[in-house]
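Single-structure report; data block below.
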Protein chains: 4
Amino acid sequence: MVGYTKAKEDHLRRLRRVEGQVRGLQRMVEQDKYCIDVLTQVSAANRALQSFALELLEQHMTHCVAEAAAKGGAEADAKVQEAAAAIARLVRS
Amino acid sequence: MVGYTKAKEDHLRRLRRVEGQVRGLQRMVEQDKYCIDVLTQVSAANRALQSFALELLEQHMTHCVAEAAAKGGAEADAKVQEAAAAIARLVRS
Amino acid sequence: MVGYTKAKEDHLRRLRRVEGQVRGLQRMVEQDKYCIDVLTQVSAANRALQSFALELLEQHMTHCVAEAAAKGGAEADAKVQEAAAAIARLVRS
Amino acid sequence: MVGYTKAKEDHLRRLRRVEGQVRGLQRMVEQDKYCIDVLTQVSAANRALQSFALELLEQHMTHCVAEAAAKGGAEADAKVQEAAAAIARLVRS
């Protein structure tokens, strides 16, 4: 499916960027860069990971959760609870 | 509905507890309590507010979002996006 | 001390505002306001509590931690570790 | 200095582990793993980055901030404010 492939490419692009940020952090530590600058870069990587997670979550809710809800029953409730638990982990991490 | 009333009572009980924690913080400041102890209490109030938010969100997804999803169409998508935006605000706050 | 009194007044003003937000949340729940609007208000209260905590922490570091550091020794290390633990609780809450 | 070298090695080890987690996330996306499992792994990477940041921050406060505080004056205040701003970015990210 075109839509899924596009989303997947976008996810991989975001994650490669995060990987680049984490490798950049390693170089900063190796070169004894100033702690505060390293911390600023950690905050940026954290925000990038969060943005990825929030996008993935929205797509999951639009597709999996909504489909299960359309069918109704125990499966629907289970999907919502599963998503709610993942959201709680994100909010608390 | 019995279910709703019970959830509502539970929400109010949680929020009254948070109010008590915030008033406790005021007393701590008035009595010049040690900063670190005040900060510990702030973390506790933040966690209590978050737990309330996560519970409310799960109930919203179980009822409103799932009902809209069962009907499908633009309304379903709008509900999911609205919930996703609220989740993003929680994760970033 | 004038400086401390001004900071204390500012802290109490902030906390009273948070208390007002939490009471506002109770009214919203009592009046069955829309979940998403309640969640938006929770995020606002969380941010207000965080801002208060960050201000308190900065003042604590400027006064207590810096004074202990100026004296040096085990007391200085203990103050820094205590502050670091409080920061970790804030970051994770 | 032995102490610094050990801390640096520990930092690099942590960051390499985070890099491994982010590459693991890429594989999960490529293999179309279930969204919820991907989100769980994002939360783990976020927590690992945060732990790294908190450790770095504590060491920065123990060394740079405490040394500046011991000297006192404008430099000491500047270091504390700089650290406080970095903490605020972490708390809000």
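The values are calculated or read from the model by the stated rules, or taken from the named source; none is laboratory data. The structure displayed is predicted, hence computed values, not measured ones. In this analysis, Cβ positions are derived from the backbone assuming ideal geometry, glycine residues included, and neighbour counts consider all displayed protein chains. Just the protein is used for accessible areas: all its heavy atoms, side chains included, with ligands, DNA and RNA removed. Shrake-Rupley method; radii C 1.70, N 1.55, O 1.52, S 1.80 Å.
Taking 18 Å as the straight-line reach from the Cα of B:Lys71, the lysines in range (excluding those fewer than 8 positions away in the same chain) are A:Lys71, A:Lys79, B:Lys79. Take the convex hull of the alpha carbons in chain A; its mean projected area over all directions comes to 7.1 nm².
Within the same chain, lysines fewer than 8 places from D:Lys6 are excluded, and of the rest, those with a Cα less than 19 Å from its Cα are A:Lys33.
Rounded to the nearest 500 deg cm²/dmol, what is the calculated helix-only ellipticity per residue at 222 nm for the protein assembly as shown, with -39500 (n - 2.57) per DSSP H run of length n ≥ 4? Estimated from H runs of four or more residues: -30000 deg cm²/dmol. Counting Cβ atoms of other protein chains within 10 Å of each residue's Cβ and taking the mean over peptide C:70-83 gives 3.
B:Glu67 label point (Cα plus 7 Å toward Cβ) to equivalent points in the other copies: 2.5, 5.8, 6.3 nm, shortest first. When chain D is turned onto chain C, the axis of that turn runs closest to one Cβ of chain D, and that residue with its distance in whole Å is D:Ala69, 2.
Computed with a 1.4 Å probe over protein heavy atoms only, the accessible surface of chain C comes to 47 Å² per residue. Checking every one of the chymotrypsin sites (Phe, Trp or Tyr not before Pro) in chain A against DSSP loop status and a limit of 12 other Cβ atoms within 10 Å picks out A:Tyr34. With coordinates expressed along the principal axes, the C-alpha atoms belonging to the protein assembly as shown extend over 68, 47, 24 Å, beginning with the largest.
Using a probe of 1.4 Å on the protein chains alone, the accessible area found for C:Glu30 is around 100 Å². Using a 7 Å projection from Cα along Cα-to-Cβ, the label point at A:Asp32 is separated from the same position in the remaining copies by 4.4, 5.2, 6.7 nm, smallest value first. Residue by residue along A:56-67, Cβ atoms of other protein chains within 10 Å of the local Cβ number 6 on average.
Element breakdown for the range A:7-92 at a 1.4 angstrom probe: carbon and sulfur atoms account for 46% of the accessible area.
Could you give the angle, 0 to 90 degrees to the nearest 10, between helix C:73-92's Cα long axis and the longest principal axis of the Cα atoms of chain C? With both axes taken from Cα atoms, the answer is about 20 degrees.
On association of chains A and D, roughly 3800 Å² of accessible area becomes buried (total for both chains; probe 1.4 Å). Of D:Gln21, D:Gln50, D:Gln31, the residue with the greatest mean-square motion in the GNM of chain D, using alpha carbon springs below 10 Å, is D:Gln31.
Report, in degrees rounded to the nearest 10, the 0 to 90 angle that the Cα long axis of helix A:35-60 makes with the longest principal axis of chain A. Rounded to the nearest ten degrees, it is 20. Between the C-alpha center of the range B:4-71 and that of the range A:59-87 there is a gap of 25 Å.
Inter-chain neighbour count for B:5-14: the average number of beta-carbon atoms from partner chains within 10 Å of each residue's beta-carbon is 2.
Ranked from shortest, the separations from the 7 Å Cα-to-Cβ label point of A:Leu12 to its equivalents in the other copies are 3.1, 5.5, 6.1 nm. With everything on Cα atoms, drop me the angle between helix C:2-30 and the longest principal axis of chain C, reported from 0 to 90° to the nearest 10. That helix lies at roughly 30 degrees to the long axis.
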